[in-house]
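Working notes for the structure below.
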Amino acid sequence: MIGIIFGSFIPLLVLGVPIALCLVLMTIFVYVDIGDPRLFLQIPQRMFSSTENLLLLAIPFFIMAGEIMNRARITDRLMDLSGALVGWIRGGLAHTNIVASMFFAGITGSAVSDTVAVGGIMIPAMKEKGYEEDYSAAVTAASSVVGPIIPPSIPMLLYASVMNVSIAGLFLAGILPGILVAIFLMGTAYIVAVRRGFGERAPFVGIVNLLVAVVRSIPALLLPAIIMGGILGGFFSPTQASAVAVMYGLAIGFLFYRTLSWRDIAPILKHTVQATAMIMFLLACAKSFSWLVSYYNLVESATLAFVALTENKYVFLLLINILFLILGMVLDMGFAIIVLGPLIAPIAYTYGVDPIHFGLITCVNLTIGLVTPPFGLVLFAACGVSRVKLMPLSKAIMPFVAAEMAVLLLITYVPFFTMYLPRLFGYA
C-alpha cells in the first residue's frame, strides 16, 4: 500500500491535481489493489458521513463572521487601538502590526484572512514611514500566525471534529501560546528595529487618546469575549457561538459602525460558501482514505516504529515537531490535520501526552508551516498584498520564524502554558 500511495499521490500532486481529488484517487487505486468491489461503496458513504458532525457547522459561521468584520472595516478601529498601545515603542508600526493581528485573531481565526486584512493597511503605512518593503510584508505574514492560535480557530475546529477533543478546551489552550507568540514577535521586531534603524521612538499618545481608541474598539473586542464567555458559561455550544458571532457582526456592522451595506452581503456569502466548500470537500475526501489507516493497522505500525526509535516522551515530541514543521511547509493545513491527526495522535497518547496539549502542538506546528519558506500559503498571500517577491520575503521572515519556533518548543516542553486554562475551567 505504501508503494501505491507514493506512486500515485505524489505524481498527482506534482501534476497539479487538487489535494482532495488526490486522496480519493489514491484510495481508489488501493481498493483496486485489494480487489474487493464492495469497498467502492464505502467511498461515497464515508464522504457523506464525515460531514454529519454538528460541530462542523461552526466552520462556515466563523468564516462568515470574519468576512463580515473585514467588510465592516473593523480593522481600522483595531489599528488605532494597537497604535495607541504600542506605537510609541522603537519600531512602533511593526509592533502595531503584530498587536493588530492579535486582536484580529479573535475575530477571523484564519491566518490568510489576517494577512490580507491587516497587510492591506499596515504594509503601505510601514513603507511610507521608511520601513523596507520586504520587512513590512514579513512582519505582516509572521504575525498572522496568531490568527489560528488565539480562539476562535478554524484549524482547532477541524482537529476537534476529527479527533473528538473538546473544542472549548482547545480554544482555552490557545490563548496563552497566542499571546506568547505575539510577545516573542514584538521582541524580535524591536531587535531588528534597533539594528537596522527602523522607526524612531514616538511619544506616547496620552491616556485620553488611548481611552478614545479603546472605546471605539470595544464593540469589535467584545466578539471574542462573547464567544468564549458564552461557551465557558454554558450559554451556548461552540456551534451556536459561531452563529451568535455572525449575528453580532451584522449588528455592529449595520447599526453601530454603519460600515456595512446590503451590497456587501452577496460577496460575504460568496466567500463563505467557497471557503466552506473547500474545507468540507477536503474533509470528506480524507475520510475515505482514513479507512485504509485502520485496515492496514498503520497506527499500530507507526507506534511500534516510534517506540523502536525512542521510549522517551520528550525525544518523541521533538521528532513530531520536526515532522510537522517539514510537512507544514508543503502540505495543506486541513489535509495534514485530517489525515495525520488520527495516525499520530494515538501514538502521542501512549507516551502520556494530553489530547488537548497534543492538539495545540499540532495546530501551532502546522500554522508555523504556513509562513515557513518556500511553500507557506501565507507567504504567497503576503506577496500578493505587498507585491514583494518570494525570495526577499523568505529571507526577511526567518528571524520571526525562529521566534515562533522558540515558542513552539516552549509550549511543547512546558505544558503549563497550554494546559493551565483548560485545567482551570475543568476541561483537562
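Any read-out appearing in this document is the output of simple, stated calculations on the displayed coordinates, not a laboratory observation. Predicted model, so just to flag it, every value in this text is computed and none were measured. All Cβ positions, glycine included, derive from the backbone under ideal geometry; neighbour counts span all protein chains shown.
Evaluated at q = 0.14 Å⁻¹, a Debye calculation over the C-alpha positions of the chain (equal weights, vacuum) places log10 I(q)/I(0) at -1.34. For the chain, modelled as a GNM whose springs connect Cα atoms under 10 angstrom apart, the maximal fluctuation among Val205, Val378, Val116 occurs at Val205.
Here the simple spin-label model places points 7 Å from the Cα toward Cβ, and for Arg387 and Leu269 these points are separated by 3.5 nm. With the simple model of a label 7 Å out from the Cα in the direction of the Cβ, Leu309 to Arg258 spans 6.0 nm. If R0 is 30 Å, the Cβ-Cβ spacing of Lys395 and Leu13 corresponds to a FRET efficiency of close to 0.65.
Label positions at Phe40 and Phe425, each projected 7 Å from the Cα along the C-beta direction, are separated by 4.8 nm. Using all pairs of distinct alpha-carbon atoms, the Kirkwood hydrodynamic radius of segment 91-218 works out to 15.5 angstrom.
Ordering Val378, Met69, Leu93 by the projection of their Cα atoms onto the charge dipole of the chain, which places +1 on the Cβ of Lys and Arg and -1 on the Cβ of Asp and Glu, puts Leu93 at the extreme positive end. Our estimate of slack between Gln240 and Leu318, defined as 0.36 nm per intervening residue step minus the Cα-Cα distance, is 24.4 nm.
Working note: Cα gyration tensor of segment 296-428, eigenvalues times five, square-rooted, sorted largest first, giving semi-axes of 29, 18, 13 Å. Count Lys and Arg as plus one, Asp and Glu as minus one, and take only other residues whose Cβ is under 15 Å from that of Arg258; the net charge is then +3. Extension gain, Phe29-Val212: 0.36 nm per intervening residue step, less the Cα-Cα distance, totals 59.7 nm.
Once the Cα-Cα distance is subtracted from the 0.36 nm per residue extended length, the Ala277 to Ser301 segment shows a gain of 5.3 nm.
The residues neighbouring Gly352, those whose beta-carbon lies less than 13 Å from its own, together hold a net charge of -1 under the Lys/Arg +1, Asp/Glu -1 convention.
This model, with +1 at the C-beta of Lys and Arg and -1 at the C-beta of Asp and Glu, gives the chain a dipole about its Cα centre of some 800 debye.
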